[in-house]
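Student: Right, I'll just put the structure down here and ask away after.
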Amino acid sequence: MASETPKVVKIIGTTHVKPNKKLGKKEHCQLVTFDLPYLAFYYNQKLLFYKGSDFEGMVKKLKESLGVVLVEFYQLAGRLGKDEEGVFRVEYDDDLKGVEVVDAVVEEISIADLEVEEGTSSLKELIPYSLVLNLEGLQRPLLAVQLTKLKDGIAIGCAFNHAILDGTATWHFMSSWAEVCNGSSTISTRPFLERTKVRDTRVKLDLSLPPSNGNGTASSNGSASTPQLRERVFKFSDSAIDKIKSAVNANPPSDGSKPFSTFQSLSVHIWRHVTKARSLKPEDYTVFTVFADCRKRVNPPMPDSYFGNLIQAIFTVTAAGLLIGNPPEFGADVIQKAIESHNASAIEQRNKEWESAPKIFEFKDAGVNCVAVGSSPRFKVYEVDFGWGKPEGVRSGSNNRFDGMVYLYQGKSGGRSIDVEISLEAGAMEKLEQDEEFLLPVV
């Protein structure tokens with residue numbers, strides 16, 4: 001598909017969907033320390049595509065059920081705002097437009113085309129809000145959806161404002177929306193909306209929207225000198241995951257540490273082979289970053305249904321020569337120690353440091369020669385069934401990508417399989433694709 005003439009997506013119309021019941025009052029919810037650093041990220045884009053022939057019927061059900069689920073998830077139908085002291089918050093009232101929903105059609109593209117698409121350039125037209133900063137939620141909806149008619153199905157492209165929710169909350173919303181669309185009168189788990197229960201420090205930020213690039217979106221930070229990136233999805237089967245985990249755990253640490261988890265084993269596998277593909281010097285530093293869920297790490301712990309951002313970036317660094325020259329358990333141990341040391345005390349210290357000198361990160365501030373892991377194979381993305389079966393594919397959009405960004409997804413075949421979506425400089429990606437030790441039985 002990527003090598004063919006680009007297919008033009010035709011926009012049929014744009015509407016807005018509001019909660020189907022009035023709240024009858026204005027709601028203001030302060031953004032907290034876990035939310036604020038993401039204001040300068042782009043909207044978080046997800047794409048799910050399904051087989052089906054009744055596009056009009058699907059769209060009708062999707063919009064009706066969206067109105068129902070927004071009664072609980074009403075913050076997604078709101079806007080960003082600031083209070084009188086300049087503290088950012090989510091604002092909702094019944095007069096706001098709600099969620100933006102675009103109907104579109106591109107009947108030349110089939111489900112099979114999307115299943116084999118490796119990059120994101122051909123997906124851009126299927127997901128709204130490319131290169132739209134979260135800060136633009138001051139003027140735009142916090143959720144935008146595009147429903148695109150395909151040759152033999154439907155693509156559901158969603159853009160979520162990352163300043164108000166993380167991946168756990170995103171997939172809680174998506175599964176709840178699917179529940180209602182699939183016939184349930186209620187959702188299984190209501191969102192926990194009280195952000196200030198986890199942190200109530202009021203942080204004033206002097207932020208304004210950047211200049212527009214002339215087409216309604218903020219200027220991109222890309223330039224002619226930016227290396228060309230390629231994306232690729234590597235699908236690791238159950239047996240490949242088992243092989244990787246067994247290899248990393250072949251020589252258990254002598255200090256009594258726990259065995260390395262599937263996540264730690266796969267992460268070091270990716271980190272080592274990406275570092276090798278980059279042809280770094282032995283003395284070059286390389287950073288591993290994981291955006292870790294802190295719901296059960298904070299004190300007191302928060303429920304899984306906490307709606308907002310409750311993640312923090314955990315960084316660890318070593319020299320490329322040490323990472324590649326040692327057995328895989330060396331890197332796995334580095335990752336494991338970094339993750340396990342990020343307890344409630346470490347989270348509290350990080351928050352206090354940030355609050356004393358707030359820094360708004362750009363999405364690419366993950367470290368030198370980095371491998372940064374977002375999303376999680378624990379998210380049951382292939383169980384998001386709106387009433388016409390599980391998705392044929394789940395992808396991330398083009399936003400918030402940089403050299404070394406990795407998204408992990410539950411594999412479509414279920415079990416222990418994991419899809420690894422990687423963005424790399426083109427030369428390094430070519431080497432990674434030829435690295436048989438990395439690929440194992442991967443397709």
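Student: Could you list all residues from segment 138-186 that are under 20 Å from Q410 (Cα atoms) and β-branched (V, I, T)?
Tutor: Passing the criteria: I156, T168, T170.
Student: Further question on the same structure: For segment 344-388, give me each residue that is aromatic (F, W, Y), touching a residue at least 40 places away in the same chain (Cβ under 8 Å) and not in a loop (DSSP other than H, G, I, E, B).
Tutor: Result: W354, single match.
Student: Filter segment 250-267 down to the residues that are among the small types (G, A, S) and over 24 Å from the mean Cα position of the chain (by Cα), then identify the one that is nearest to R416 (Cα to Cα).
Tutor: A250
Student: With the requirement that a residue be part of a strand (DSSP E or B) and β-branched (V, I, T), what does segment 309-336 give you?
Tutor: Correct list: I311, I314, T316, V317, T318.
Student: Assess whether S110 counts as being within 19 Å of the chain's Cα centre (by Cα) and among the small types (G, A, S).
Tutor: no
Student: Further question: Look at segment 413-433 and say how many of its residues are without any contact (Cβ under 8 Å) to a residue 60 or more places away in the chain and not in a helix (DSSP H, G or I).
Tutor: Residues meeting the conditions: 1.
Student: What residue, among those in segment 240-292 that are in a strand (DSSP E or B) and either closer than 14 Å to I339 by Cα or among the polar types (S, T, N, Q) (or both), is most open to solvent (accessible area, probe 1.4 Å)?
Tutor: Once the filter is applied, the top-ranked residue is F291.
Student: Scanning segment 122-152 for residues that are over 20 Å from W388 (Cα atoms) and of a type in the set (S, T, Y), which turns out modelled with the highest pLDDT?
Tutor: Step by step, filter segment 122-152, then rank; the result is Y129.
Student: Quick one: which of T226, T275 is among the β-branched types (V, I, T) and modelled with pLDDT under 95?
Tutor: T226
Student: Here is a follow-up. With at pLDDT below 95 and either open to solvent by less than 30 Å² (accessible area, probe 1.4 Å) or of a type outside the set (D, E, K, R) (or both) as the only criterion, which of G98, G119 stands out?
Tutor: Within the list G98, G119, the selection yields G119.
Student: I've got another one for you. Name the residue that is surrounded by the most Cβ atoms within 10 Å (Cβ to Cβ), counting only residues in segment 41-85 that are over 28 Å from D95 (Cβ atoms) and of a type in the set (A, V, I, L, M).
Tutor: Residue satisfying both the conditions and the ranking: L47.
Student: Given the residues A169, A155, A163, which is the only one that is open to solvent by less than 10 Å² (accessible area, probe 1.4 Å), in a loop (DSSP other than H, G, I, E, B) and at pLDDT 95 or above?
Tutor: One residue alone meets the criteria, A163.
The values are calculated or read from the model by the stated rules, or taken from the named source; none is laboratory data. Nothing here was measured: the structure is a model prediction, and the numbers come from that model. Ideal geometry is used to build each Cβ from the backbone, glycine not excepted, and the neighbour counts take in all protein chains shown. Surface accessibility is based on the protein's heavy atoms, side chains included, excluding ligands, DNA and RNA. Shrake-Rupley method; radii C 1.70, N 1.55, O 1.52, S 1.80 Å.
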